[in-house]
1. Quick check on the exposure proxy: order Cys194, Cys181, Cys259 from fewest to most C-beta atoms within 10 angstrom.
2. Between segment 184-233 and segment 103-156, what's the alpha-carbon centroid distance in Å?
3. Treating only the Cβ atoms of Lys and Arg (+1) and Asp and Glu (-1) as charged, compute the dipole magnitude of segment 148-255 about its Cα centre; round to the nearest 20 debye.
4. How about segment 30-119: which chymotrypsin sites (Phe, Trp or Tyr not before Pro) there lie in a loop by DSSP and see at most 13 other Cβ atoms within 10 Å?
5. Got a sec? Charge dipole of the chain, +1 on Cβ for Lys and Arg, -1 for Asp and Glu; which of Ile214, Ala69, Phe166 is way out at the positive end?
6. At 7 Å along the Cα-to-beta-carbon direction for both Ser417 and Asp324, put a label point, then send me their distance in nm to one decimal.
7. To the nearest 0.05, what FRET efficiency results for Leu77 and Ile182 with a Förster distance of 51 Å applied to their C-beta separation?
8. In the chain, once you exclude exposed GluC sites (Glu not before Pro) (DSSP loop, at most 14 other Cβ within 10 angstrom), what's the longest stretch remaining?
Amino acid sequence: MGVVKKGMKVVHRDRKAIGQALRLAYYPVVAVRAEGSKVWDKDGNEYIDFLGGAAALPIGHRHPAVVKAIQEQADQLVHYPPLYGYHELAVDLAEKLNELPRGDFTKRTIYQLAGAAAMDLTVKLARVGTKRPKIITFLKGYYGALYGALSLSAFSTIQRRYLGPFIPEIYHVPFADCYRCIFKQEYPNCGLACLDYLKTVLKHLVPPEEVAAIITEPVGSDGGYIFPPVEWLKGLEEICQKHGMLFALDEIQTGCGRCGSWFLSEQYNLVPDLTAFGKGFSAGVPLSGVIGRASVMDELKPPSAIGTGIANPIVCAVALAVIDVIRKDNLIEKGKKMGAYLKKRFEEMKRDHHLIGDIRGKGMLIGVDLVKDHKTREPARLEASKVCWRAGELGLILTTLGESVLRVCPAYNLSQSEADHALEIIDNALSDVERGKIPDSTVASLSPW
């Protein structure tokens, strides 16, 4: 068990000096060094990283190609704002990004700094591109902490903590959550009642000719790694095509190969008009944006999406290095195989742990849903926090999302030995929590999802 004595001193200073609104706390890891899938803290403890920089490190911490890209670019050009001029790296990157989503039409990329900004931009593009005011999106979604992204979000924790009013003309309908169906039905015998509900809303409440876009995640990410039926997503796309709405996907967390293809829409044969990206493409440095139909992107006139640090030369150099490493080392395929192995092991673990209710995942995006009762599927929120705390004590960085879903999103080049050690830690942490060895007071001061 690691001691975090030096780390706790930093945590106490942090709480005095930094506003805690930016923090979700699970275990006091004060990182000082990282490499690959390992992190070392101020006390010298070693951790395997199953958080993966919040799904932002597909090739791991401090990959040599990323370090080289930063060093070489810093020696040439650190900052030159594209809002006032040009640098070639931004063009090189956009050309590569435009090739990734499906769609036989000309695409353009508009860069931003963070996922929330990309979702704000998605709303702007939809409204300006269609000259329509209304947006349809979904319950349990979380799109970021800027007001446009918050307005799209319908996540209980978020709605309780932020003051409105939010941006108007955004309408929320049920997401296709088959594990906890709001209509109390079972897929596939439900007839996609959630899709029928949306059609009813469009018939009686929200005129489809006034809807600019349907905006959704292909996987309900921070809502708990909720994987909807492909038919539901195809149904949304068909509604958009029928009524002249834009079909916009938030692939910030599912993109960059995380689910087994550059974007998950590729596997589902979806053709989004707008694709929001971020996280994995830049290995933790600030980069996001939207890839979309040129005819829509060109409707948004300058300076509607500017920002001083957007598409910084170092950021673009890093993103180009990430794409190159993933392609050269065949990491998407390796991630698919490792993800299948992890999911299989979790399924085996489920037989020994009554807390595990459901396992959902694709590639290196896996959620382990903890429940108090298998019949009611009541989320085991407190127990999930305890599992993460105990995992931290045993040497694994692990967090939750949704209400009680263990979040597994490590680097695609996670080694077999690292995977097995991490699984052993989770197994032991679950056992300790199930046996009542972790008191409630241990996690009383934490602020998880």
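1. Taking fewest neighbouring Cβ atoms as first place, the list is Cys181, Cys194, Cys259.
2. Their Cα centres are 17 Å away from one another.
3. 340 debye
4. Tyr84, Tyr86, Phe105
5. The one lying farthest along the dipole's positive direction is Phe166.
6. For Ser417 paired with Asp324, the spin-label model returns 3.0 nm.
7. 0.50
8. Values: sites that count: Glu99, Glu186.
Longest run free of exposed loop sites: 187-449.
Readers should treat all values here as calculations from the given coordinates under stated rules, not as data from a laboratory. Just so we're clear, the structure is a prediction, and the values are computed from it rather than from any experiment. Note that we place each Cβ from the backbone using ideal geometry, even for glycine, and neighbour counts take in every protein chain shown.
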